[in-house]
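*Asks:* Quick one: the structure is below, and I'll ask about it shortly.
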Amino acid sequence: MFKHILPIQIRYNDIDQQGHINNAVIMEFFDLGKSDYFETVGISVTPESDFTVLIVHYDVDFVGQMLFHDKIEVRTRLEKVGNKSVTLLQEVHANGRCCVVCRTILSGYSRSAHASAPIPEDIKERIRQYEGQ
């Protein structure tokens with residue numbers, strides 16, 4: 001179940017020559033969903049905080065088409081939290097039907113050390129509380 005749902009406004013330049021939402025733009029939708037998810041959970045990923053997360057891997061499956069006038073939303077949820085990584089599952093829905101599925105692995109990162117870092121326990125707890133785990 002997805003608790004976090006972010007509506008997306010489609011812009012004219014999001015559309016390709018066939019009238020579909022461009023695949024590269026869809027990746028931006030996933031980024032917006034991740035940013036809003038972390039903000040909602042209470043995790044600061046702004047440049048001012050030392051700890052952040054970086055995308056290290058993602059898998060994307062395009063399973064349906066999306067058009068200019070469709071009602072678009074990005075759904076985001078935690079799939080797994082480990083010692084140094086978080087895995088998120090996201091879907092982009094158009095008019096209530098799933099069109100794209102993305103699984104993203106994000107690594108904890110310390111800006112000051114310029115290196116991977118463990119996910120702080122308070123952040124793990126905030127995610128789990130939000131997700132009801």
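*Asks:* Anything in segment 120-133 that is open to solvent by 60 Å² or more (accessible area, probe 1.4 Å) and part of a helix (DSSP H, G or I)? List them, or say none.
*Replies:* The answer is Glu121, Asp122, Glu125, Arg126, Arg128, Gln129.
*Asks:* Looking at segment 93-114, which of the residues that are surrounded by fewer than 16 Cβ atoms within 10 Å (Cβ to Cβ) and among the hydroxyl-bearing types (Ser, Thr, Tyr) is farthest from Val60 (Cα to Cα)?
*Replies:* Here the answer is Ser112.
*Asks:* Give all pairs with beta carbons closer than 6 Å in which a residue from segment 10-33 that is in contact (Cβ under 8 Å) with a residue 24 or more places away in the chain meets a residue that is of a type outside the set (A, V, I, L, M) and open to solvent by 90 Å² or more (accessible area, probe 1.4 Å); count only pairs at least 6 apart in sequence or on separate chains.
*Replies:* Pairs that qualify, where the first residue is in contact (Cβ under 8 Å) with a residue 24 or more places away in the chain and the partner is of a type outside the set (A, V, I, L, M) and open to solvent by 90 Å² or more (accessible area, probe 1.4 Å), are His20/Gln65.
*Asks:* Just to be sure, is Ala117 surrounded by 12 or more Cβ atoms within 10 Å (Cβ to Cβ) and under 30 Å from Ile10 (Cα atoms)?
*Replies:* No, not satisfied.
*Asks:* Looking only at segment 17-41, which residues are part of a loop (DSSP other than H, G, I, E, B) and either over 21 Å from Ala94 (Cβ atoms) or open to solvent by 50 Å² or more (accessible area, probe 1.4 Å) (or both)?
*Replies:* Within segment 17-41, Gln17, Gln18, Asn22 qualify.
*Asks:* Restricted to segment 79-92, and to residues that are open to solvent by 30 Å² or more (accessible area, probe 1.4 Å) and touching a strand residue (DSSP E or B) at 6+ places or on another chain (Cβ under 6 Å), which residue is farthest from Thr40 (Cα to Cα)?
*Replies:* Across segment 79-92, the extreme among qualifying residues is Lys84.
*Asks:* Could I ask something else about it? Within segment 72-111, work out how many residues are of a type outside the set (Lys, Arg) and not in a strand (DSSP E or B).
*Replies:* Counting residues in segment 72-111 that are of a type outside the set (Lys, Arg) and not in a strand (DSSP E or B) gives 4.
*Asks:* Here's something else I'd like to know. Please tell me if Val56 is in a strand (DSSP E or B) and open to solvent by 90 Å² or more (accessible area, probe 1.4 Å).
*Replies:* So Val56 passes the test.
*Asks:* With the structure loaded, tell me whether Ser44 is in a helix (DSSP H, G or I) and surrounded by fewer than 19 Cβ atoms within 10 Å (Cβ to Cβ) or whether it fails that test.
*Replies:* Answer is no for this residue.
*Asks:* Looking at Lys71, is it farther than 24 Å from Asn13 by Cβ, open to solvent by 40 Å² or more (accessible area, probe 1.4 Å) and touching a residue at least 24 places away in the same chain (Cβ under 8 Å)?
*Replies:* So Lys71 fails the test.
*Asks:* Looking only at segment 42-61, decide whether some residue is closer than 27 Å to Ile119 by Cβ, without any contact (Cβ under 8 Å) to a residue 24 or more places away in the chain and aromatic (Phe, Trp, Tyr).
*Replies:* Looking for residues that are closer than 27 Å to Ile119 by Cβ, without any contact (Cβ under 8 Å) to a residue 24 or more places away in the chain and aromatic (Phe, Trp, Tyr), one finds none in segment 42-61, hence no.
The values are calculated or read from the model by the stated rules, or taken from the named source; none is laboratory data. Worth saying up front: this structure is predicted, and the values here are computed from it rather than measured. Using ideal geometry, Cβ is built from the backbone for each residue, glycine included, and neighbour counts are taken over all protein chains shown. We work out accessible area using only protein heavy atoms, side chains counted, and drop any ligands, DNA or RNA first. Shrake-Rupley method; radii C 1.70, N 1.55, O 1.52, S 1.80 Å.
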